[in-house]
Amino acid sequence: MDDRTKELLVRGVVVLGLAVDAVIHLGVAPAMELAAPDGLGGGFLFRAQATVAGLVAVLLLVTGRRWAYVLAGLVALSALGPVLLYHFVDVPAIGPTPSMYDPLWSPEKVISIVGEALALAFAVVGVRLTSRRAADTVRA
Amino acid sequence: MDMRTIAALALAAGLLTGCGSDAADAPTGTAGASGTTATSSESADLVIVISDFAFELPGPVPAGATVTVRNEDGVGHTVTSDDDGATFDVAVGPGEEATLTVPQEAGDYPFHCRPHPAMTATLVVEG
Ligand SMILES: [Cu+2]
């Protein structure tokens, strides 16, 4: 498999992972507003996550550039980190961030975690692939 | 003599109270003043406590009663009937209380919490 095909496959997985993350955050946002009404509100935070993930997914899909992979990885991490943190730790409200503790599993939670983890892992691969590509271009 | 009178009154009151809660749909007039008192003191104790992501129910509740929903958690919850909230749907914020009106029809009403669908319980309503 040549690097171009490999990169396209990797890009596809990252875009798909971010799309899953965006769709689930958007769907769960109304419920999160009920669970975390304080500060900025869970609904707002989840919609913001969905919007940013959607935008970055489109950017990566269109450009396939290294910076887009970096952004994609950061967005995936910005969802994956908190969902795991708030699952295991009862973090109180911090400033404008409401308490979003939720020790229970739900299909939505599991699916979004899988999507985010795939997006993060493959974004790292994508960054490596595009770095090599950039290096090759310079050498050539 | 006095003791016997008191015992008889107590027994009568007990019967009335039992009658009142067993047949809540009977006209209030039949039970009289003691029946009404029993009903109102009952509703004062009806509380659904939400603590550590679980519902604690007060046991069977009378039809049409008012139940307090007390949320002791740091996040919000809902008491949402499983028919997508058509029968009842009460949201209660972190550390807050809300009021739920029990359905008029006796039966079992399974419910859940919308943000946490794994939180489930059943409200038993007696006629
Ligand atoms: Cu809940």
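Return the whole-Å distance between the Cα centroid of the stretch B:62-127 and the Cα centroid of the stretch A:42-75. So the separation of the two Cα centres works out to 38 Å.
Taking 22 Å as R0, compute the FRET efficiency from the Cβ-Cβ separation of A:A93 and B:E72 and round it to 0.05. Working shown, then result.
On the way: r = 16 Å, r/R0 = 0.72.
So, using R0 = 22 Å, E works out to roughly 0.85.
Only protein atoms count toward the accessible area here, which uses a 1.4 Å probe; on the stretch A:3-139, the carbon and sulfur part of that area reaches 74 percent. For the stretch A:3-139, evaluate the Debye formula with one uniform point scatterer on each Cα (no solvent term) and list log10 I(q)/I(0) at q = 0.21 Å⁻¹, rounded to two decimals. Taken in order of the listed q values, log10 I(q)/I(0) reads -1.13. A simple count of charges around A:A22, restricted to other residues whose Cβ falls under 14 Å of its Cβ and scoring Lys, Arg +1 and Asp, Glu -1, yields -2. On association of chains A and B, roughly 900 Å² of accessible area becomes buried (total for both chains; probe 1.4 Å).
Of A:Q49, A:P82, A:G64, which is farthest along the charge dipole of the stretch A:16-140 in the positive direction, counting Lys and Arg as +1 and Asp and Glu as -1 at C-beta? Most positive-ward Cα: A:G64.
Between the Cα long axis of helix A:42-63 and the first principal axis of chain A there is an angle of about 10°, rounded to the nearest 10.
Annotation: average projected area of the stretch A:66-121 is 4.4 square nanometres, based on the convex hull of Cα atoms across all directions. In sequence order, the stretch A:122-132 has phi-based couplings of 6, 5, 4, 4, x, 4, 4, 4, 6, 5, 4 Hz under the Karplus curve 6.51 cos²θ - 1.76 cosθ + 1.60, θ = phi - 60°, and Gly or Pro positions carry x. Relative to the longest principal axis of the Cα atoms of chain A, the long axis of helix A:3-35 lies at roughly 10 degrees. Using Cβ point charges alone (K and R +1, D and E -1), the dipole size of the stretch A:3-139 about the Cα centre works out to roughly 880 debye.
Accessible-area loss of 50 Å² or more (1.4 Å probe, protein heavy atoms, chain alone versus all protein chains) is found in the stretch A:16-55 for A:L34, A:A35.
Accessible area per residue, 1.4 Å probe, Å², for the stretch A:3-139: what's the number? It would help to have the intermediate numbers written out before the result.
Working: 7030 Å² over 137 residues.
I get 51 Å² per residue for this part.
Could you compute the FRET efficiency for B:D83 and B:E56, with r as their C-beta to C-beta distance and R0 at 25 Å, rounded to 0.05? The value I calculate is 0.65.
Every helix of 4 or more DSSP H residues in chain A counts as -39500 (n - 2.57), and over all residues that averages to -28500 deg cm²/dmol at 222 nm.
When chain A is treated as a GNM with alpha-carbon contacts under 10 Å, the residue of A:I24, A:I113, A:I94 showing the greatest mean-square fluctuation is A:I94. Applied to the stretch B:94-100, the Karplus parametrisation 6.51 cos²θ - 1.76 cosθ + 1.60 on θ = phi - 60° returns per-residue 3J(HN,Hα) values of x, x, 10, 10, 9, 10, 10 Hz, with x for Gly and Pro. Taking a virtual spin label 7 Å from the Cα of A:R132 along the C-beta vector, which residues in the stretch A:43-70 bring their backbone nitrogen under 20 Å of it? What the label zone holds, given the 20 Å backbone N cut-off, is A:64-70.
The values are calculated or read from the model by the stated rules, or taken from the named source; none is laboratory data. Being a predicted model, the structure only gives us computed values, none of them experimental. Positions of Cβ are generated from backbone atoms using ideal geometry, with glycine treated the same way; all protein chains shown enter the neighbour counts. Calculation scope for accessible area: heavy atoms of the full protein, side chains included, ligands and nucleic acids excluded. Shrake-Rupley method; radii C 1.70, N 1.55, O 1.52, S 1.80 Å.
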